[in-house]
Every structure is written in structure tokens, then in C-alpha cells.
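Just below is one structure, and these are the notes that go with it.
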Amino acid sequence: MTGRVFVLGSINADYVMTTERIPKAGESVIGKQFRVNQGGKGANQAVACAKLGCPCELIGAVGSDAASEELLSSVCSYGVKIQAVRRLNGASGACVIVVDEREKENYLLVAPGANEKVDAGFVRSYLRGNAKKGDVFITQLEVNLDAVSAACREAKEAGMYVILNPAPAAQIGEEILSFVDLVVPNETEAEFLTGKTIATKEDALAAYAVFAKYGVGAMIVTLGSRGCVYADAGGAQFFPAVKTTSIDPTSAGDTFIGAVAARLCRGEDVIKAIPYASLCAAVTVSRRGAAISVPTETEIEKILDGKEACDVRSVTL
């Protein structure tokens, strides 16, 4: 192990409803299942790192409501360190997720709560006092952008490898992107930020060029069932998705990012980490839930060794 991961991001209670189809405006549809999960992109990515064997610290905030205790207890149960998670007056973050079983898609509505009150000064101070060169820093856009910008600057100055997951899509520029080593949007977010629809290597390079002008080192765009595409100054390369039976796509992207970070902390480069991360994400979508659906390092090792059967098939790394 060569480093640790620090994740700045959201911590939410996920309220998940499964349905056979999304209702039209003004229409009511009876759902099939309802559950409450620990979620938030920051918490999910931190859990993915920890479950995949990498020491991880979460930086963020929860509220003073009843949900906060359960959220912190859940994150801790996976081995994530939470000394940098602050408790603030008011509500914790919440996310309503509607899972369309027919189309295999998720629809999300987020109430930021304490996530939008994360203090930029605290984040910078914590990273300055605890992170070191060679560690990995991950953030998204579900906490306030002042904190994200300050954290990315501090992480870069500390010699950390900086990963940005620009979700949900928002207008960002040099104040954040100039400190990013790897940007990982999905295809919708990539199109929003670059104006490019990605179908070919040329499309990917054109999208990457938009990020590169700010100094971003590399890009991975996740493409759902089509896999993902990596691009940097040397070119672009598509990676197929690992075949699986999709049950619930919640947290697939977060698993992917956490897995990439975990491999980087073991000294692997990004391109070599992608097939491993794709396998981890495939296992996640074959299960229900968010953090609970993320596989452990032991589970992935057993799959790769052929010692354990699961819903994932045609595994080739």
C-alpha cells in the first residue's frame, strides 16, 4: 500500500422506490419496493475505497437530525474514518431515488441539507494537517463549490493525486479544473461540460481537449452498458463493460471511482485500474442498494481466481 484516499463529498439518506415505469405528469403509479439506504456520492465512494482494501477518510457534514447517527454508523461499519465529518444544525442530506426496472435507469432528486454547509477553511486545514504526497483525493459537486475549489487547490499543493467526479453537472472552470489530475464524468455530464457526445475515439479526444485546456491530466467517461472511454494527451481507448445482470444501477459509478482510487493507492496506473474498476461496478449493479452493494476486495479476488460464482459473467481483465 503506498497511500490513503481522502474523499470530500456528500453524505445522504437515500429513499429508494422501485417501479415498473415512471409516471407521467399528474399520474400516480404504485411502486413495488421502498427502502432507506446510506448514500451520497462522497460516502459511497469512500465506502467503495474501504471495502476494496484502501484506507479512507471521509470529509463532509451531517445534520442534527435522527438520520445523522445512522448515516455515520453505516459509514463507520465499512471501515471509513469519519473524524473529518462535522455535525451541523439542521437536516442531513437526503436523496429520493426512483428505479425504473423496465428501462434499467435511476431518477434522482437531492436535498443537500448539511452538505451545502461544508466549510472550505476546515477542509483545507484538515488536508494540510493530515494528507501527504502520494495520497489520493476524490471529490464531486454535491457539496458547495467553494469547499470543492479550496480542497482541490490544497490537495494539489500537497502533492496528492486529484480525482474529480463532476456530478451533478454544474458549470465549473479553471478555479477547480486546473487542480484536477483525472476527471470522471458519465456521458451526460461529459456532454454538459464539453458539448461533445461521445461515440468514437475522436469524440473522446475532442471532449478531453476541453478539460485539457485547464490542465486536467486525463479523463474517463463512464458509458453505462457501453463501458467507458479513457483519454489523455497520448490518445483515447475504449473499455467494454463487464457483462452482468443489472438489478440496480445505484452506486455503480461511485464503485468505479472508488476502485480506481484504491488501485492507484497500490501503485497501479489509471489505465491498468480500469478493468478492475469495471468488474467492481458490474458486481455492484447485480445487487440492490448503494454502499451495501459494493463488493469487497476478497469477493473480487475470489471472482478473479474463479473460486466464487456470482451474477457477473464473461470476466476478462
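How much of the calculated P(r) for segment 1-81 lies past 20 Å, in percent of all Cα pairs?
So the portion of pairs separated by more than 20 Å is 44 percent.
Among P240, P112, P23, whose mean-square fluctuation peaks in a Gaussian network model of the chain (Cα, cutoff 10 Å)?
Of P240, P112, P23, the most mobile in the Gaussian network model is P23.
Can you put E20, E101 in order of accessible area, largest first, using a 1.4 Å probe?
Listed by decreasing accessible area, they come as E20, E101.
Sequence neighbours fewer than 8 away in the same chain don't count; with that in mind, list the lysines whose C-alpha is under 21 Å from K117.
Candidates past the 8-residue exclusion: K41, K81.
Of K213/K243; K24/K243; K32/K243; K133/K302, which pairs sit farther than 30 Å apart, going by alpha carbon to alpha carbon?
Beyond 30 Å between Cα atoms: K213/K243; K24/K243; K133/K302.
How far apart, in nm, are two points set 7 Å out from the Cα along the Cα-to-Cβ line at D146 and at M17?
Each label point lies 7 Å from its Cα, and together they span 3.5 nm.
At a 1.4 Å probe radius, which order do T222, T2, T284 fall into by accessible area, largest first?
My answer, sorted largest first, is T2, T222, T284.
Could you provide, to the nearest whole Å², the per residue accessible area of segment 202-259 with probe 1.4 Å?
It amounts to 38 Å² per residue over segment 202-259.
If DNA, RNA and ligands are ignored and the probe is 1.4 Å, what is the ranking of V96, V184 by accessible area, most exposed first?
Greatest to least solvent exposure: V96, V184.
Compute a Gaussian network model of the chain, connecting alpha carbons closer than 10 Å, and tell me which residue from K51, K243, K104 fluctuates the most.
Per the Cα network of the chain with a 10 Å cutoff, K104 tops the list.
State the percentage of accessible surface on the chain attributable to carbon and sulfur atoms; use a 1.4 Å probe and exclude ligands, DNA and RNA.
After summing per-atom areas, the C and S share lands at 51 percent.
Determine the relative contact order of segment 118-206: mean sequence separation of Cα pairs under 8 Å and six or more apart, normalised by residue count, in whole percent.
24
Alpha carbon centre of segment 277-307 versus segment 246-270: separation in Å?
10
If the cut-off is a Cα-Cα distance under 14 Å, which aspartates and glutamates reach K156, setting aside same-chain residues fewer than 8 apart in sequence?
Correct list for K156: D135, E174, E175, D181.
Could you give the distance between the Cα centres of segment 1-73 and segment 132-162, to the whole Å?
If we compute the Cα centre of each part, the gap is 21 Å.
Per residue, how much accessible surface does segment 1-155 expose to a 1.4 Å probe? Answer in Å², no decimals.
Result: 44 Å² of accessible area for each residue.
Projected area of the chain, taken from the Cα convex hull and averaged over every viewing direction, in nm²?
15.6
Report, ordered by chain and residue number, the aspartates and glutamates lying within cross-link reach of K104, taken as a straight Cα distance under 14 Å and ignoring same-chain residues fewer than 8 apart.
Hits, sequence-local ones excluded: E20, D248.
Build a GNM of the chain with springs between Cα atoms under 10 Å: which of C56, C95, C280 gets the top mean-square fluctuation?
C95
Which whole-number percent gives the relative contact order of segment 225-303, counting Cα pairs below 8 Å spaced six or more residues apart?
RCO, segment 225-303: 32 percent.
In Å and whole numbers, how far do the C-alpha atoms of segment 2-135 stretch along each principal axis, longest first?
Projected onto its principal axes, the Cα set of segment 2-135 covers 53, 33, 22 Å.
The values are calculated or read from the model by the stated rules, or taken from the named source; none is laboratory data. Just so you know, these numbers come straight off a predicted model, no measurement behind them. Positions of Cβ are backbone-derived with ideal geometry, glycine not excepted, and every protein chain shown enters the neighbour counts. The protein model used for the area step is the full one, side chains on, heavy atoms only, and it has no ligands, DNA or RNA in it. Shrake-Rupley method; radii C 1.70, N 1.55, O 1.52, S 1.80 Å.
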